[in-house]
Amino acid sequence: MPSPVSPENIATRAPSLRILQLTDPHLMADPEGTLLGMNTRESLDAVIALAKREPHAPDLVIASGDIAQDSSETAYRVFQEKMSVYSCPVIWFPGNHDDVEVMHEVIAGTNAEQRRLLVGGWQLIFLNSAVPGKVYGALSSGELSFLNDCLAEHPERPTLIAFHHHPVDVNCTWMSQIGLTNSDALMAVLEGQSQVRALLWGHIHQTWDGELNGMRLMATPSTCIQFAPGSNEFSIDGQAPGYRWIDLYPDGTLDTHVRRAEDYVFTVDLDSQGY
């Protein structure tokens with residue numbers, strides 16, 4: 001089992017560890033590449049610019065999948081370059097649009113490929129829920145074993161677990177078949193693990209905030225297009241791109257909020273039936 005990593009350049013400021021989640025940028029090799037009318041490089045730039053105006057810098061950035069729309073090495077290199085504005089570690093893991101091998105070639109040997117961090121009094125675990133060639137997700141037996149081992153090693157340490165696909169119903173009928181298909185297996189591992197305080201994901205291109213068995217459940221707007229909450233069929237929302245802040249406190253509590261780049265002027269195809 002990989003040993004835990006505590007990067008020396010994570011500066012924990014009492015009383016909290018501040019995390020910035022960026023998700024689903026869907027970058028492309030083409031600088032002018034658009035997703036349903038939105039230039040995804042420009043929208044990511046707008047989100048980063050807004051986040052940089054926050055009064056405190058993050059201690060950690062989590063990039064929760066669908067980094068690239070076209071799975072190109074160029075797209076991953078562009079994202080890596082854009083993340084260089086942060087002096088803290090930036091953790092990546094794949095979504096359904098990503099090519100895991102290409103992505104790992106880009107981030108090999110960097111903080112971005114870390115699977116677990118012990119920092120700020122917390123354990124942070126990052127899982128791969130991507131299934132090659134599929135939109136839906138699943139956690140392999142290896143991922144579940146890794147999770148179980150991490151939890152067993154630190155049973156008293158508050159824990160946040162992050163991956164790409166949604167593990168619960170998000171009240172969008174059309175998404176019911178493209179979430180985490182073995183969420184029951186995940187919940188079986190988590191049963192009785194009271195140290196697990198939060199699950200964090202991307203994929204649904206909208207805000208989600210709930211609670212289950214004492215765990216905070218959180219999803220975050222994409223840095224590009226948004227999906228309409230509560231929709232039965234594929235539906236685009238006109239809300240602006242965004243990000244999530246999470247403050248993790250040593251006592252196991254957390255605060256979080258979502259912000260959107262409301263000043264960013266964009267176009268999006270609200271009549272699209274999919275992509």
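Values as computed for the structure displayed
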read-out	value
Filter pass, L199 being in a strand (DSSP E or B), modelled with pLDDT of 95 or more and surrounded by 22 or more Cβ atoms within 10 Å (Cβ to Cβ)	yes
Selection from segment 12-35 of residues that are at pLDDT below 95 and outside any strand (DSSP E or B)	T12, A14, P15
Selected residue [in contact with an Asp or Glu (Cβ under 8 Å, 6 or more places away or on another chain) and of a type in the set (G, A, S)] from G137, G95, G109	G95
Residue within segment 46-68 that is at positive phi and within 15 Å of the chain's Cα centre (by Cα) present	yes
Options G210, G214; residue that is surrounded by fewer than 21 Cβ atoms within 10 Å (Cβ to Cβ) and over 18 Å from Q21 (Cα atoms)	G214
Number of positions in segment 226-275 that are outside any strand (DSSP E or B) and surrounded by fewer than 16 Cβ atoms within 10 Å (Cβ to Cβ)	19
Residue within segment 101-109 that is farther than 25 Å from Q69 by Cα and either outside any helix (DSSP H, G or I) or more than 16 Å from the chain's Cα centre (by Cα) (or both) present	no
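So that you can scan it fast, the table gives a plain yes or no per residue for (1) within 26 Å of A46 (Cβ to Cβ); (2) out of contact with any strand residue (DSSP E or B) (no Cβ under 7 Å at 6 or more places or on another chain); (3) of a type in the set (A, V, I, L, M, F, W, C):
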position: H166; (1), (2), (3): yes, no, no
position: N171; (1), (2), (3): no, yes, no
position: S176; (1), (2), (3): no, yes, no
position: C224; (1), (2), (3): yes, no, yes
position: A228; (1), (2), (3): yes, no, yes
position: I236; (1), (2), (3): yes, no, yes
position: P241; (1), (2), (3): yes, no, no
position: D251; (1), (2), (3): no, yes, no
position: D269; (1), (2), (3): yes, no, no
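The values are calculated or read from the model by the stated rules, or taken from the named source; none is laboratory data. Keep in mind it's a predicted model, so treat the numbers as computed, not measured. Positions of Cβ are generated from backbone atoms using ideal geometry, with glycine treated the same way; all protein chains shown enter the neighbour counts.
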